[in-house]
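Report on the following structure.
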Amino acid sequence: MLRLPGTYRPQADTRLLASAFVEQGLHRVDRVLDVGTGTGAVALAAASAGSCRVTAVDVSRQAVWTARLNSAWRRRGVSVLRGDLLEPVRGQTFDVVLANPPYVPSPEENAPRRGRARAWDAGTDGRLVLDRLCAQVPIHLNPGGTLLVVHSVLCGVGTTLGLLESVGLRAQVVARSLEPFGPVLTARAAFLEKRGLLRPGCREEELVVVRGDFPS
Ligand SMILES: C[S@@+](CC[C@H](N)C(=O)[O-])C[C@H]1O[C@@H](n2cnc3c(N)ncnc32)[C@H](O)[C@@H]1O
């Protein structure tokens, strides 16, 4: 995978989402959207698994060019658009929406407007992007369509499930993985403990994939 400077390096959350997509039997669909595509790893996994038309979105210029290069290099024909969240696909609907959004709680109230941390920092509760995604996703799903979103339990699984149910999706956790803290969370452990988001001394986080199904 090619990666321009500043683009998120695919890691455990990337792999968990990509494998859940296939394990959930969602790959043989027509239209897939990958929100916050980074290198395009998840979008390319979808295209390789047999999804016909794959669109990817990212707010970062470097990520968009990285994903375009990777798609061209692998001859996958992913359409990569730049913009905020679902704005670039306004008026379009998909069978499956995939997302590995920023979800790390940060001492900063607002999301960074630039820089590498834009890939993970998401406000004091880690939900700045996730909450907007949950609220906006139904109008981009075809009847019977599905959202698969990966995030850490540090930003609240119950909140995601509740929000998706409140907009009419049937929501459940379909995959979990326990991961050791990387450098970002290690540096932030004291802040997370102080906010009551982390048990004192714990240096692992559980990642979850939440599935939301839109009625047919
Ligand atoms: C955790 S990374 C995931 C990258 C990739 N999907 C993966 O799994 O490896 C989150 C990505 O979301 C992008 N992003 C952050 N805020 C966004 C927004 N408001 N709209 C679209 N993309 C956003 C970042 O630039 C970054 O590439």
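The values are calculated or read from the model by the stated rules, or taken from the named source; none is laboratory data. Worth saying up front: this structure is predicted, and the values here are computed from it rather than measured. Reconstructed Cβ throughout: ideal geometry from the backbone, glycine too, with neighbour counts over all protein chains shown. What goes into the accessible areas is simple: the full protein's heavy atoms, side chains included, and nothing from ligands, DNA or RNA. Shrake-Rupley method; radii C 1.70, N 1.55, O 1.52, S 1.80 Å.
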Subtracting the Cα-Cα distance from 0.36 nm times the residue separation, let me have the gained length for I139 to D30 in nm, one decimal.
37.5 nm
Spin-label proximity, L4 to the stretch 33-77 - amide N less than 16 Å from point 7 Å beyond Cα toward beta carbon
36-41, 56-73
Hey, got the dipole for the stretch 12-213? About the Cα centre, +1 on K and R Cβ, -1 on D and E Cβ, debye to the nearest 20?
620 debye
Hey, how many Å between the Cα centroid of the stretch 176-216 and the Cα centroid of the stretch 50-93?
27 Å
Size-normalised alpha-carbon gyration radius of the chain, reference 2.2 N^0.38 Å
0.95
Ranking F191, N70, G158 by how far each Cα lies towards the positive end of the charge dipole of the chain (+1 on Lys and Arg Cβ, -1 on Asp and Glu Cβ), the top one is N70
If you build a Gaussian network model of the chain, linking Cα atoms that sit under 10 Å apart, which residue out of G126, G36, G201 swings the most?
G201
Provide the percentage of antiparallel DSSP beta bridges, counting only those with both residues in the stretch 12-213; round to the nearest 5.
45 percent
Ordered by number, the trypsin sites (Lys or Arg not before Pro) in the stretch 85-165 that occupy a DSSP loop and have at most 15 other Cβ atoms within 10 Å are R90, R113, R114
Please list, in chain and number order, the residues 5+ apart from A175 or on another chain whose amide H is under 5 Å from its amide H, with Hs placed from the backbone.
V209
At 0.36 nm per residue, minus the direct Cα-Cα distance, what do F191 and E23 gain on full extension? Give it in nm, one decimal, please.
56.9 nm
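On full extension of the chain, what length is gained from R114 through R90, given 0.36 nm per residue of separation minus the C-alpha to C-alpha distance?
The R114-R90 span can extend by a further 6.3 nm.
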Positive end of the dipole of the chain, charges at C-beta (+1 Lys, Arg; -1 Asp, Glu), about the Cα centre: which of P200, L169, N100 has its Cα farthest in that direction?
N100
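At 1.4 Å probe size, with the rest of the protein present, what percent of the exposed accessible area of the chain is carbon and sulfur atoms?
Of all accessible area on the chain, carbon and sulfur atoms account for 51 percent.
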